[in-house]
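Undergrad: Following this message is one structure expressed as structure tokens.
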Amino acid sequence: MFVGVHERQLDPKGRMALPAAFRPRLEPRCYLSIGRDKCIDILTAEAFEEVARDTVSKVRSGELDRNQQRALASNTFEVTVDAQGRINIDEKLREYAGLTLSSRSS
């Protein structure tokens, strides 16, 4: 769980700088997914792999159906943290969360 309040802006290219304190846990890649209440969930690679394994296991046991597995896969995006600690937020996720691009150039 990530804690605290960190005001962030998207640049004109749809990138957002991660808080410096979080970068070591999220580099070199992390996953963004549609969350609840118009939020975007961010998961470490390890956390996402655990969620994916759990989902596959639940599909095999009949606890979840394949459409739920497909929904997870189609609404999750792997992102790479760049040298400046930024991630690109996919347009689908930006639209879901109501995020707008900054008019400043970067």
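The values are calculated or read from the model by the stated rules, or taken from the named source; none is laboratory data. Keep in mind it's a predicted model, so treat the numbers as computed, not measured. Backbone-built Cβ (ideal geometry, glycine too); neighbour counts: all protein chains shown.
Undergrad: Test of understanding: among LEU64, LEU72, which residue is without any contact (Cβ under 8 Å) to a residue 40 or more places away in the chain, closer than 22 Å to ALA97 by Cβ and not in a strand (DSSP E or B)?
TA: The match here is LEU72.
Undergrad: So, one more: Return the residues of region 1-24 that are in contact with a strand residue (DSSP E or B) (Cβ under 8 Å, 6 or more places away or on another chain), of a type in the set (D, E, K, R) and either over 17 Å from PHE77 (Cα atoms) or free of Cβ contacts under 8 Å to residues at least 12 places away in the same chain (or both); say none if nothing qualifies.
TA: Scanning region 1-24 gives ARG8, ASP11.
Undergrad: Where the second residue is not in a strand (DSSP E or B) and the first is more than 12 Å from ALA20 (Cα to Cα) and lies in region 79-97, which pairs have Cβ atoms under 6 Å and are six or more apart or on separate chains?
TA: ILE87/VAL81; ASN88/GLY14; ILE89/GLY14; ALA97/LYS38
Undergrad: Something else about it: Specify the residue that is nearest to the chain's Cα centre (by Cα); the eligible residues are those in region 75-102 that are aliphatic (A, V, I, L, M) and part of a strand (DSSP E or B).
TA: VAL79
Undergrad: Quick one: how many residues across region 19-34 are at pLDDT 95 or above and either acidic (Asp, Glu) or part of a loop (DSSP other than H, G, I, E, B) (or both)?
TA: Adding up the residues that qualify gives 2.
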